[in-house]
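As structure tokens, the structure follows; a few thoughts come after it.
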Amino acid sequence: MGGFVTVGQAADVAEGQAKKYDVNGQEIGVARVGGALVAFSDICTHRGCNLIDGGEIDGTTISCECHGSVFDMATGAVVESPAVEPLPVFGVREQDGALQIEV
Ligand code: FES
């Protein structure tokens, strides 16, 4: 069973931005979308590029700089190919100001 792991301060993730965290060897992105925190794998399911480094956030989506795949950060769903597999997503919460990811 996984549990929530504190990775930093929730205030560090500003609206419209994403930050990358290493949680037990997993590279996980956290973004704030419409005030809500979302957490998703930072590894593009197409060919494994990192999304946050060089990717572009547009509303609820993030694009991959390598070949242009676009993913929904809240659901992990593919919005634009060439990727076909969705991103894994994770539970995320703010607890007394701490940012916690469920892994
Ligand atoms: S590795 Fe991300 S679109 Fe190809």
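Values quoted throughout were computed directly from the atomic coordinates according to the rules given, and no laboratory measurement underlies them. Just so it is clear, the structure is predicted and the values come from calculations on it, not from any experiment. Note that we place each Cβ from the backbone using ideal geometry, even for glycine, and neighbour counts take in every protein chain shown.
Here are some notes:
- Positive-end ranking of 59, 40, 69 along the dipole of the chain, with charges on Cβ about the Cα centre, is headed by 40.
- Charge tally in the Cβ shell below 13 Å around residue 19, where Lys, Arg are +1 and Asp, Glu are -1, residue 19 excluded: -4
- The chain: antiparallel DSSP beta bridges as a percent of all, rounded to 5: 95 percent
- Modelled label positions at residue 15 and residue 84, each set 7 Å beyond Cα in the direction of Cβ, lie 3.9 nm from each other.
- Taking the Cα centre of the chain as reference, the dipole from Cβ charges on Lys and Arg (+1) and Asp and Glu (-1) amounts to some 120 debye.
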